[in-house]
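See structure below.
The values are calculated or read from the model by the stated rules, or taken from the named source; none is laboratory data. Since the structure is predicted, the reported quantities are computational estimates derived from the model, not experimental observations. Cβ placement follows ideal geometry from the backbone for every residue including glycine, while neighbour counts extend to all protein chains displayed. Side chains included, ligands, DNA and RNA excluded: accessible areas come from the protein's heavy atoms. Shrake-Rupley method; radii C 1.70, N 1.55, O 1.52, S 1.80 Å.
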Amino acid sequence: LLPPPGAPGDPAGQPLPVESRPFASYGSALHVALPQPPRAGQLLTLEIDYEAGEGPGVCWLAPEQTAGKQKPYMYTQGQAVLNRSFFPGFDTPSVKCTYSATVKVPEGFTAVMSATSWEKQKDNTFVFKMSQPIPSYLIALAVGDIVSADVGPRSRVWAEPCLIEAAKKEYDGVIEEFLAVGEKLFGPYVWGRYDILFMPPSFPFGGMENPCLTFATPCLLAGDRSLVDVIIHEISHSWFGNLVTNATWGEFWLNEGFTMYAQRRISTEVYGSAYTCLEAATGRALLRQHMDNTGEDHPLNKLRVVIEPGLWGVNPDDTYNETPYEKGYCFVSYLAHLVGDQSKFDAFLQAYVNRFKFQSITADDTLGFFLEYFPELKEKGVDSIPGFEFDRWLNTPGWPPYLPDLSPGEQLMKPADELAELWAADGLNMEAIEAVDITAWRTYQLVYFLDQVLQKSPLPEGNVERLSKMYPKISKAQNAELRLRWCQIVLKNNLEAEYHKVKDFLHSQGKQKYTLPLYRAMWGGSESARALAMETFSATAPQLHVNVQNYVKKILGLEVAE
């Protein structure tokens with residue numbers, strides 16, 4: 001216990017008894033005995049001497065796991081409950097605080113953090129400050145051989161030297177446009193800078209919205225700006241998630257459903273509604289796939305998930321799935337539908353952010369504010385319309401009661417639907433197929449087409465081989481979203497001649513959203529597909545994030561170490 005600032009007393013402080021007590025399967029509680037009970041509002045300064053680095057929140061990569069393959073790399077991943085293995089703290093999204101850090105690294109390395117200011121001092125020491133209060137899961141550190149390039153007035157990209165040119169080319173000028181639209185819709189961007197760090201390929205997520213510094217998968221460097229929707233998603237978290245935060249992980253949809261809605265609002269402003277509806281349709285297909293995998297009435301398919309604390313409780317990290325994103329998006333869209341006027345709903349979102357900024361809230365807070373903001377809707381009792389009750393949205397598992405209208409995307413979806421029908425036919429009508437020119441189709445139109453082909457698979461004998469030959473743009477794509485779907489099609493049709501593509505894709509990256517569906521497909525496939533799963537996993541396991549390793553082991557029926 002250190003003396004209060006400016007007060008007399010031993011600057012080294014007074015040692016305190018501590019003990020570690022059981023808390024949950026994902027962490028223990030640190031109990032500190034104070035010399036006397038503190039008064040409410042009293043400021044205490046505790047200094048805790050600890051060592052960390054073995055836990056799941058801190059990832060150490062060998063040089064061969066990086067893009068440059070020359071130097072090691074480390075990064076932290078806090079969401080949902082992993083930062084407790086990086087530092088002792090109140091590791092709950094219901095508590096927010098500012099932080100500062102001093103980080104000393106070896107010669108030739110650079111440290112970056114999710115902080116509003118950073119400066120390099122002598123002896124390879126970096127000093128960081130986050131001046132806005134944030135929940136513990138958003139504190140993040142990365143150290144590696146990384147360099148930066150400016151891509152806008154308040155944005156730069158960070159990456160290993162071998163990736164920096166690609167990163168600059170992909171994002172130069174676009175980030176500021178997204179930020180400006182976000183500010184117009186949702187109010188001021190309060191975090192100062194918005195930088196992106198492109199991570200090594202084993203990073204398990206598409207993006208992690210660490211404030212001021214999004215961590216992103218290198219899969220986003222597609223070379224054609226086709227996957228920027230992921231960056232729009234992370235930018236949207238600057239308001240929904242980082243500024244207004246779910247107080248518990250059981251209401252994760254407050255972070256993700258609102259962020260999906262915000263992402264699609266920005267995308268509509270920038271790219272128009274046809275493209276955005278098409279992207280939303282691929283999201284709906286992911287939700288459908290997820291619910292088919294788990295069964296609609298699985299308890300995870302509610303927006304309000306019960307996460308019991310205690311030793312036998314569910315680890316919040318294991319509740320990660322499509323429901324809070326896409327079903328959450330449907331619920332926010334339903335609220336907008338009740339209002340019936342986009343500009344009025346936009347104004348509500350801005351008022352909502354302003355009302356709850358820097359706070360952690362529950363769904364009851366959100367919905368209470370919605371009804372208070374629109375008293376005429378409250379009077380009409382919109383929270384209890386039969387079949388669409390707010391309570392049903394939150395607490396009943398299953399398919400969303402309301403789906404937003406995606407018909408503006410029809411002009412892009414219809415040709416893709418028709419082409420998929422042609423490829424699923426018994427005798428191929430090559431004349432009709434050749435009449436469809438897909439050279440101008442954008443990534444999400446191709447993704448949508450492949451989703452339809454996958455749904456119709458296995459296709460009649462020989463069709464997939466011909467499809468592969470006809471569209472090298474698809475079967476030889478370097479774009480990760482296209483590669484994922486092509487690999488799923490290869491497996492569903494048991495096209496052994498192209499198994500190597502599945503193996504290559506899984507060797508090239510370790511993103512959870514790409515990795516798990518492919519292992520599920522291999523494990524549910526033929527003998528040779530299962531063999532491919534085992535062979536690929538034993539070769540790539542060391543380069544995967546520990547959580548992803550464990551999820552794959554579960555799929556393959558292997559022992560998971562506690």
- Item | Pairs where the first residue, in the range 79-107, is in a helix (DSSP H, G or I) and the second is acidic (Asp, Glu), C-beta under 8 Å, 6+ apart | 83/91; 84/91; 85/54
- Item | Single residue of the range 12-32 satisfying the filter (part of a loop (DSSP other than H, G, I, E, B) and open to solvent by less than 80 Å² (accessible area, probe 1.4 Å)) that is modelled with the highest pLDDT | 16
- Of all residues making up the range 192-212, the number that are in a strand (DSSP E or B) and surrounded by fewer than 24 Cβ atoms within 10 Å (Cβ to Cβ): 2
- Item | Considering residues of the range 241-260 that are under 17 Å from residue 178 (Cβ atoms) and of a type in the set (S, T, N, Q) only, the residue surrounded by the most Cβ atoms within 10 Å (Cβ to Cβ) | 259
- Task: May I ask you to say which residue of 317, 292 is open to solvent by 40 Å² or more (accessible area, probe 1.4 Å) and either of a type in the set (Phe, Trp, Tyr) or not in a loop (DSSP other than H, G, I, E, B) (or both)?
- Result: 292
- Message: Can you say whether residue 215 is among the aromatic types (Phe, Trp, Tyr), closer than 18 Å to residue 229 by Cβ and assigned to a strand (DSSP E or B), as far as the supplied structure shows?
- Response: yes
- Item | Of all residues in the range 482-493 being among the basic types (Lys, Arg) and under 22 Å from the mean Cα position of the chain (by Cα), the one that is least open to solvent (accessible area, probe 1.4 Å) | 485
- Query: Taking the range 148-178 as the search range and keeping residues that are within 21 Å of residue 192 (Cα to Cα) and charged (D, E, K, R), which one is surrounded by the fewest Cβ atoms within 10 Å (Cβ to Cβ)?
  - Reply: 150
- Task: Would you check if residue 189 is assigned to a loop (DSSP other than H, G, I, E, B) and either farther than 29 Å from residue 83 by Cβ or at pLDDT 95 or above (or both)?
- Result: yes
- Query: Only one of (1) assigned to a helix (DSSP H, G or I); (2) under 26 Å from residue 177 (Cβ atoms) is not met by residue 238, so which one is it?
  - Reply: (1)
- Here the qualifying pairs (Cβ atoms under 7 Å; residues six or more apart or on different chains; first in the range 332-344 and in contact (Cβ under 8 Å) with a residue 12 or more places away in the chain; second hydroxyl-bearing (Ser, Thr, Tyr) and assigned to a helix (DSSP H, G or I)) come out as 332/261; 333/261
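Go through the range 509-524 and give me each residue that's open to solvent by 40 Å² or more (accessible area, probe 1.4 Å), over 16 Å from residue 205 (Cβ atoms) and under 22 Å from the mean Cα position of the chain (by Cα). Can you show your working first?
Taking the range 509-524 as the starting set, the residues that turn out to be open to solvent by 40 Å² or more (accessible area, probe 1.4 Å) are 513, 520, 523-524.
Pick out the ones that are also over 16 Å from residue 205 (Cβ atoms) and you get 520, 523-524.
Result: 520, single match.
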- Query: Quick one: residue 184 ticks every box in (1) at pLDDT 95 or above; (2) farther than 30 Å from residue 272 by Cβ bar one, so which box is it?
  - Reply: (2)
- Message: Here is a list: 483, 466. Which entry is of a type in the set (Lys, Arg), touching a helix residue (DSSP H, G or I) at 6+ places or on another chain (Cβ under 6 Å) and under 26 Å from residue 226 (Cβ atoms)?
- Response: 483
- Query: How many residues does the range 434-481 hold that are open to solvent by less than 20 Å² (accessible area, probe 1.4 Å), touching a residue at least 40 places away in the same chain (Cβ under 8 Å) and assigned to a helix (DSSP H, G or I)?
  - Reply: 8
- Verdict on residue 142 being touching a helix residue (DSSP H, G or I) at 6+ places or on another chain (Cβ under 7 Å) and small (Gly, Ala, Ser): no
- Message: Taking the condition of being more than 17 Å from residue 487 (Cβ to Cβ), surrounded by 13 or more Cβ atoms within 10 Å (Cβ to Cβ) and in contact (Cβ under 8 Å) with a residue 60 or more places away in the chain, how many residues in the range 525-562 meet it?
- Response: 4
- Matching residues in the range 311-347 (of a type in the set (D, E, K, R) and under 20 Å from residue 373 (Cα atoms)) number 3
- Query: Restricted to the range 494-508, and to residues that are more than 23 Å from residue 64 (Cβ to Cβ) and in a helix (DSSP H, G or I), which residue is most open to solvent (accessible area, probe 1.4 Å)?
  - Reply: 496
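Quickly run through the range 83-101 and pick out the residues that are open to solvent by 60 Å² or more (accessible area, probe 1.4 Å) and hydroxyl-bearing (Ser, Thr, Tyr). Break it down into steps so the answer makes sense when it comes.
Kept after step one, since they are open to solvent by 60 Å² or more (accessible area, probe 1.4 Å), are these residues of the range 83-101: 84, 90, 94, 97-98, 100.
Those that are open to solvent by 60 Å² or more (accessible area, probe 1.4 Å) and hydroxyl-bearing (Ser, Thr, Tyr): 94, 98, 100.
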- Note on the structure: Scanning the range 49-63 for residues that are open to solvent by 60 Å² or more (accessible area, probe 1.4 Å) and touching a Gly at 6+ places or on another chain (Cβ under 9 Å) gives 60
- Item | Matching entry among 122, 104 (being at pLDDT below 95 and loosely packed, with under 15 Cβ neighbours inside 10 Å) | 122
